[in-house]
Amino acid sequence: MRHPPPSQKSKRPELVVLAIFIVVGLGAWAVWVHRWKAQAAQRDEMFALYATASGGDRASVRRLAEYPSPEATQLIQKLAQDQGAFPEGRLEAISVLRANPSVDSKTLAPLLWIDQPFIIRRAAAAVFKQRGCDERCISSTLTALRAIWAGQPTSEMQATALIPSPTSHAQDNLVYFHRQTEEDYFVLLNSNACLTRKTLQNDYAADSEFGDKIRNKLGSC
């Protein structure tokens with residue numbers, strides 16, 4: 001019986017190891033490709049939901065919130081801030097974020113600004129009334145209130161100004177929006193009166209008139 005030369009015997013284990021390496025490598029590559037395709041498909045689904053949500057479809061926002069992905073949360077945050085989106089979708093996005101305690105206030109604080117529609121400002125204020133008004137919230141509220149008192153137009157004032165002959169009902173709405181906005185702002189400021197006073201001292205020392213008007217409506221610290 002003929003036996004293979006010693007050199008051939010020594011190569012057999014190397015060939016087996018090489019074969020195993022190739023099989024494992026191909027398997028890992030196949031798994032990676034499968035996961036990549038699945039992630040790409042999921043991403044496409046999320047962007048499709050964002051598109052319909054920005055068109056005002058509340059159900060799409062809720063479906064987007066069901067994805068266990070940080071990217072889904074980022075899209076909902078983007079929707080809440082998207083001034084080109086329909087209000088219904090933005091309101092639902094704010095509602096979803098309200099239920100998520102991990103969402104940073106930097107996402108919602110800018111929604112208190114007066115260039116936001118009244119219903120968006122109110123929704124954002126409602127979140128901070130529930131969570132508490134932190135430093136970003138206080139700062140944004142003071143900035144917005146100062147702008148209103150300085151005569152800068154709110155979003156609804158700008159919209160009404162585009163109407164050739166606004167009705168008395170439209171004017172009444174403006175009065176209501178203005179009064180309610182101020183009430184919302186002062187609820188937020190009074191929810192953290194100590195921080196409000198500190199912010200006034202640090203950021204508005206040069207504007208004593210504004211600071212005094214705010215302090216006169218603040219509770220004790």
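The values are calculated or read from the model by the stated rules, or taken from the named source; none is laboratory data. On a predicted model such as this, the values are computed, not experimentally measured, just so you know. Counting neighbours? That spans all protein chains shown, and the Cβs are built from the backbone with ideal geometry, glycine included.
So here's what we get for this one:
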{"quantity": "Sole exception among (1) buried (at least 21 other Cβ atoms within 10 Å of the Cβ); (2) part of a loop (DSSP other than H, G, I, E, B) for L64, by number", "calculated": "(2)"}
{"quantity": "Residue list for the range 73-87, filter: hydrophobic (A, V, I, L, M, F, W, C) and either without any contact (Cβ under 8 Å) to a residue 12 or more places away in the chain or part of a helix (DSSP H, G or I) (or both)", "calculated": "L75, I76, L79, A80"}
{"quantity": "Residue within the range 152-162 that is touching a residue at least 40 places away in the same chain (Cβ under 8 Å) and among the hydrophobic types (A, V, I, L, M, F, W, C) present", "calculated": "no"}
{"quantity": "Hey, A147 assigned by TED's automatic domain parsing to the domain that holds Q201 and assigned to a helix (DSSP H, G or I) or not", "calculated": "yes"}
{"quantity": "Candidate set from the range 207-221 (those that are in contact (Cβ under 8 Å) with a residue 60 or more places away in the chain and within 11 Å of L142 (Cα to Cα)); member that is surrounded by the fewest Cβ atoms within 10 Å (Cβ to Cβ)", "calculated": "F210"}
{"quantity": "Flag for R90 being outside the structural domain of I138 (by TED's automatic domain parsing), assigned to a helix (DSSP H, G or I) and modelled with pLDDT under 95", "calculated": "no"}
{"quantity": "Selection within the range 67-94 - acidic (D, E) and either over 21 Å from S155 (Cβ atoms) or surrounded by fewer than 19 Cβ atoms within 10 Å (Cβ to Cβ) (or both)", "calculated": "E71, D82, E88"}
{"quantity": "Filtered residues of the range 188-206 (kept if surrounded by 14 or more Cβ atoms within 10 Å (Cβ to Cβ) and either in contact (Cβ under 8 Å) with a residue 60 or more places away in the chain or not in a helix (DSSP H, G or I) (or both))", "calculated": "L188, S191, N192, L195, T199, D203, Y204"}
{"quantity": "L188 in the same structural domain as K217 (by TED's automatic domain parsing), at pLDDT 90 or above, in contact with a Lys or Arg (Cβ under 8 Å, 6 or more places away or on another chain) and closer than 19 Å to C221 by Cα", "calculated": "yes"}
